[in-house]
Structure formats: structure tokens, C-alpha cells
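Here's the structure we're looking at; comments come further down.
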Amino acid sequence: MTRLPRVWVLSTGGTIAGTGASSTHLSEYKASTLLGSELLAAVPEAHRFADIRVEQVVNVASPNMTVEVWRSLALRIDAILRADPDVAGVVVTHGTSTLEETAYFLHLTVRHDRPVVLVGAQRPATAISADGPLNLLNAIRTAAAPQARGKGVLVVMNDEINGARDVTKSSTYRVETFRSGELGFLGYVDDDRVSFYNASTRRHTADSEFDLAGVDAFPRVEIVASYAGGSLAPLHALVHEGVDGIVFASPGAGSLSDAEVAAVKAIVASDASPRPVLMRSTRTGNGRVTNRAAFDALGILPTDNLSPQKARILLMLALARTSDPAQIARIFSEY
Ligand code: ASP
């Protein structure tokens, strides 16, 4: 008999581990009540595809996810993959609200080419037509699939495979919530096989330069929402707090209002040091933010096509290595 591929399932909570008062409670339920071992117990079919090990990392709703948990998850995945060459891949069960952020952090910091697959659910485990069990089975099958190697961290839900860099939660309650915008899915999971059609061309995982060893505290990077008639108070408060970086979630192609530009000019002219690194991202969900002479002159760098929440993660990791604007620009063009 051939041995089954070994897959670890690391559990962190979320709706997939949530329970409600009845099968028709689809939005009123308590997230993060079940353990990973209980999620697995609901999917006995998974044992036909993989030799599975389960571990509980935390049990939180994903709005409560933290950079510290990201760090321990990345280090734990690294330890599992390093210790056992027979591990085919790792699945992380996670709440969907911030799943894409954890996925992107791991995409940049887990330096192995074996697949790491994030999975969640839109309906709690007690719901009629709960989506968690099939999502979990498909995630395990993807983590066990040789063709998933080298594709970076993946998000598998609703039979669809998305890449960590481009995926975003796009709908509050629909099961087809994870989308990669204009760039599209990487593949599908059907009952006969796991199929890939696309792969990200950007650096990630085994090819990443971001090393967590020696990084005990991450630079603090925050997001400022930019919108018509917006207040400058959040920007001033963050600068006053001495944050290391600020990403503007800007309208359109990363534009700023005249008032924001004037505020940035004042920040740049002040001798308060250190000053945060400032970046412009787009809130549109698709397309690139490019260099523009007027913003470049103020040192406000573009984030390419990363969403504000992904740009924040990349800037955090970049600032842990360098504060040189040319290096930060290089990093945003390569990752
Ligand atoms: N509140 C949940 C969370 O942990 C939502 C979900 O899992 O879908 O993100």
C-alpha cells in the first residue's frame, strides 16, 4: 500500500469553527468555539487523501488576529516543514475576515516551497449547507497535491484556488467571497483532481528575502483612509504617535487631496524625526498605483497593485530590513 501524503492542519478559529443556536442561524453565531480536531472529525473523508496531524494554534475570530500570532504561525510552519521532509503541505484554518492578511504574511515569510493553504467558511459549522467541511477537504487535498508546490501560500474555498498576494474577501456572506479581482483564480479543486492554470510571477516563500529570525518587534505601519472631505486628524495622530509607516488607502490611482498634500509637506518640512515612510495605495481593488512626480518629490511611494492591507504588511516587513526608499521601491516592484 502506498503511503498517504502527510498534511498538518493548524487551527486558528473563525466561522469555520463557529456554532449557532440552530441550523438556520447563519449570521448570529459564535465564531471560534470548535477545535481543529472537531473540524477534522466532521470530514472523515479527508483521511482517504492524507495522513493528517492537527494542532490548535489559537482560537480567535479573525478580527482579533495579531502580528504576534502571524509570527508564531510562520515559525511553527517553518519548524514543521524543516523537521519532516515527508510533510507534503500545511493547512491553516482561519476566520475569513482577515484571512487574506495572514495568507500574505505567510506568503512572504514561510521560506519553503511546499504548499501552505488557508481555508475558512462563510457559514458556521452548525449551519444548513455549512461550507466548512468541503472547504477543509479541498484545502487538505490541495496541500497534498504535488502540483501546488512552489505556488506560494494559497487560499482554497468554494472549490477555487486563489494566490495569497492577490486574493481579497469580496462579499460579506456569499460563499464565493474570495476573489483575485482582474488577475483571477490560480485554479480549481474538483472531485477528480486539483488543477492549476495560473501562478504569481512575484517573489514569495522560498524565494523571499524576509527572515523572521532576529525580528522580535515589527515596525508599526498603519493605514489612513482617504476620501472626499476627509479629516486630517488620523494622519496627524499617527505621525504624533511616531509610527514607522503610513499607507494611504487612496481613491482612484492613489490620489491625495490638496489638504493631505499640504499636511504631508508640513510633515516632511518638520525636523521631527524619525518621520514615517509614506505610501499611496488604491482603494479601487484593481490596477496599479504608479510613480507620479509630485508625490515622488514628497517621498510618497506607490504600492503597485497591492491592496492597502497587503501593502501595509509588505511595508512592515520591508522596514524591518531597510529604511532606504530605493530599497523599499525595489521590494514593492519584486513582491
Ligand atoms: N468573524 C469571522 C472571522 O473570524 C468571520 C469568518 O470566519 O468568516 O473572521
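The values are calculated or read from the model by the stated rules, or taken from the named source; none is laboratory data. These figures come from a predicted structure and were not determined experimentally. Glycine gets a Cβ as well: all are built from the backbone with ideal geometry, and neighbour counts include every protein chain shown. For the accessible areas, the whole protein counts, side chains as well, though only heavy atoms, and no ligand, DNA or RNA atoms are used. Shrake-Rupley method; radii C 1.70, N 1.55, O 1.52, S 1.80 Å.
Here are a few things to note about the model shown:
- Here's the picture: charge each Lys and Arg Cβ at +1 and each Asp and Glu Cβ at -1 in region 109-261, and of Ala127, Ser170, Ser200 the one pushed furthest to the positive end of that dipole is Ala127.
- The charge dipole of region 46-150, taken about the Cα centre with unit charges on the Cβ atoms of Lys, Arg (+1) and Asp, Glu (-1), comes to about 140 debye, rounded to the nearest 20.
- Geometric descriptor of the chain, per residue, is 134 Å³ (volume of the convex hull of the Cα atoms).
- Global size of region 7-127 as Cα Rg and Dmax, reported in angstrom: 14.2, 44
- Under the criterion of Cα pairs below 8 Å and six or more residues apart, the relative contact order for region 237-302 equals 41 percent.
- Pairwise FRET efficiency - Ser72 versus Arg48, Cβ, R0 = 30 Å, nearest 0.05: 0.45
- Taking amide H positions as modeled 1.01 Å from N, with prolines and chain starts lacking one, the residues under 5 Å from Arg123 and 5 or more places away or on another chain are Asp131, Gly132.
- Ordering Ala320, Leu4, Ser37 by Cα displacement along the dipole of the chain toward the positive end leaves Leu4 in first place; charges were set at the Cβ atoms of Lys, Arg (+1) and Asp, Glu (-1).
- Calculated [θ] (222 nm, deg cm²/dmol) that DSSP helices of n ≥ 4 give over the chain, each run adding -39,500 (n - 2.57): -8500 deg cm²/dmol
- At most 12 other Cβ within 10 Å, DSSP loop - trypsin sites (Lys or Arg not before Pro), region 143-192: Arg174
- Spin-label model distance (nm) - Ala259 vs Ala237, 7 Å beyond Cα toward Cβ: 1.5 nm
- Rounded to the nearest 10 Å², the accessible area of Thr172 at probe 1.4 Å: 100 Å²
- Residues in region 124-156 reached by a label modelled at Asp191 [backbone nitrogen below 19 Å; 7 Å Cα→Cβ]: 129-142
- Label-point gap, in nm, between Gln309 and Ile128 - each point 7 angstrom along Cα→Cβ: 3.0 nm
- The Cα-based radius of gyration and maximum Cα-Cα distance (Dmax) for region 234-335 are 12.6, 36 Å.
- Projecting the Cα atoms of Ala50, Pro276, Thr98 onto the charge dipole of the chain (Cβ charges, centred on the Cα centre) puts Ala50 farthest toward the positive pole.
- The Rg/Rh ratio for region 84-149 is 1.01, where Rg is the radius of gyration of the alpha carbons and Rh is the Kirkwood radius.
- Using a probe of 1.4 Å on the protein chains alone, the accessible area found for Glu28 is around 130 Å².
- For Glu160, the solvent-accessible surface computed with a 1.4 Å probe is close to 30 Å², ligands and nucleic acids excluded.
- Solvent-accessible area per residue for region 79-198 (1.4 angstrom probe, square angstrom): 35 Å²
- Counting charges near Thr290 (Lys, Arg +1; Asp, Glu -1) among other residues having Cβ under 12 Å from its Cβ returns a value of +1.
- Mean sequence separation of contacting Cα pairs (under 8 Å, at least six apart), scaled by the length of region 194-335, corresponds to a relative contact order of 26 percent.
- Taking the average, over residues, of other Cβ atoms within 10 Å as the packing measure, peptides 91-97, 76-82, 290-296 rank 91-97, 76-82, 290-296 from highest down.
- Peptides ranked, highest mean first, by Cβ atoms within 10 Å: ranges 5-16, 192-203: 5-16, 192-203
- What the Kirkwood sum gives for region 120-212 is a hydrodynamic radius of 14.0 Å, with every pair of different alpha carbons counted.
- Cα-only Debye scattering, region 165-226: base-10 log of I(q)/I(0) at q = 0.23, 0.24, 0.26, 0.29 Å⁻¹: -1.10, -1.11, -1.14, -1.19
- For the chain, the relative contact order works out to 14 percent when only alpha carbon pairs closer than 8 Å and six or more residues apart are counted.
- For region 258-335, size of Cβ-based charge dipole, Lys and Arg +1, Asp and Glu -1, in debye: 220 debye
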